[in-house]
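Some notes on the structure that comes next.
What follows is calculated from the coordinates using simple rules that are stated; it is not laboratory data. Everything numeric in this text was worked out from a predicted model, so none of it was measured. As a convention, Cβ positions derive from the backbone with ideal geometry for all residues, glycine included, and neighbour counts pool all protein chains shown.
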Amino acid sequence: MKRSILMAAMLALAPALALAGDPRRDAILSDYAAEARRVDPAFAAFSAQRGETLFRSRWSGGDPRTPSCTACHTADPRQPGQNAKTGRPIDPVAVSANPRRFTDKATVEKHFMRDCKSVLGRECTPVEKGDYIAFMAGY
Amino acid sequence: MRALLAAGLLALTATAAAADDGRVRPVTDPAVLKECGACHMAFQSVFLPARSWSRLLDGLADHFGEDATLPADTVEVIRTYLTANAGDTGGRGEARKFMRWVAPGGTPLRITENPAFLREHRFPESVWKDPKVVTKSNCLACHRRADQGVYE
């Protein structure tokens, strides 16, 4: 029993480790994985593909100026974006273009809070947050 | 060589002139630069009186329609800087033009509604609608050194 729990935990961690790059990003991902498991014990792993869907989907319920993450971060996250509300340029959000992304928990949490409210009209779930980072880390 | 030196001197003179009239003291506080600057240029604190900054910081949960909530300790760091360097506390030069229009005890929240701003920005709607501009508060779209306090 103990061993199977350990196995499950290791399996859940595996995708985070597979993305290995910055240990701070990995720590943020394992925090979100732990939160996800608290909500749903059957949670297995983050999915870059689901993250991409979150990123590209047109949502309703948020600010009409920002129906999608791409409204500010552009369709190609390796490119610089522009804030659709303030006009301010935004550095690329893909980790390949900007290795400092998703390495500071407070900054990451602050932007998930603001940006998910702006686009989805609600906070993002721990699974959505992990999926999004998984997508950006591999893109 | 001499030509280069002359060009250099000319460039220097131009900067000095800007410092005399158009220059506004740039923001130096790292928390202000990071937090305010994440979404828009960190506007120079002299453009509003201290009480306006305080009111803005008290209302971050609805910051012109945005939830710009920050941790309480960060808010206090930002408040200390902005109120100590505000138009009515640390302002000199350019700031006076803005403070002249602020009623005693008045708490304006938008720099772009100050007549000192409006007077210099009488443009057709098409200019404001330009995709590079987006909003009147996007100083950097036209003033490329606005974040350094240079509005030319």
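Using 0.36 nm times the number of residues separating B:LEU118 and B:ASP73, minus their current alpha carbon distance, what extension gain do you get?
Computed gain between B:LEU118 and B:ASP73 is 12.7 nm.
For the stretch A:65-139, which GluC sites (Glu not before Pro) are in a loop by DSSP, counting at most 13 other Cβ atoms within 10 Å? Here the sparse-neighbourhood loop sites are A:GLU123. By the helix-only formula, in which each DSSP H run with n ≥ 4 contributes -39500 (n - 2.57) and the sum is divided by residues, chain A has a 222 nm mean residue ellipticity of -17000 deg cm²/dmol. Would you calculate the separation in nanometres between label points at A:ARG56 and B:ARG110, each defined as 7 Å from the Cα along the Cα-to-beta-carbon direction? Here the modelled spin labels are 3.8 nm apart. Say we join alpha carbon atoms closer than 10 Å with springs in a Gaussian network model of chain A; which of A:THR107, A:THR70, A:THR125 then has the biggest fluctuation? Checking each option, the largest mean-square fluctuation is seen for A:THR107. Using the Stokes-Einstein relation with a Kirkwood hydrodynamic radius computed over Cα pairs, the translational diffusion coefficient of chain A at 4 °C and a viscosity of 1.567 mPa s comes to 84 µm²/s.
The phi torsions of the stretch B:67-80, fed into the Karplus equation with coefficients 6.51, -1.76 and 1.60 and a -60° offset, translate into couplings of 8, 10, 3, 10, x, 4, 5, 5, 4, 5, 4, 5, 4, 4 Hz, rounded to whole numbers, with Gly and Pro shown as x. The stretch A:99-139 and the stretch A:36-90 have Cα centres spaced 8 Å apart.
Springs join every pair of Cα atoms under 10 Å in this Gaussian network model of chain A, and among A:SER57, A:SER68, A:SER47 the largest mean-square fluctuation is at A:SER57. Go through A:LYS129/B:LYS136; B:LYS97/B:LYS129; A:LYS110/B:LYS132; A:LYS110/B:LYS129; B:LYS34/B:LYS97; A:LYS85/B:LYS136 and tell me which ones have a Cα-Cα distance over 21 Å in this structure. Correct reply: A:LYS129/B:LYS136; B:LYS97/B:LYS129; A:LYS110/B:LYS132; A:LYS110/B:LYS129; B:LYS34/B:LYS97. Given their separation in residues at 0.36 nm each and the Cα-Cα distance between them, A:THR125 and A:HIS111 gain 3.7 nm when the chain is fully extended. Counting only the Cα atoms, the stretch B:25-148 fills a convex hull of 109 Å³ per residue.
Sorted largest first, the principal axis extents computed over the alpha-carbon atoms of the protein assembly as shown equal 75, 56, 36 Å.
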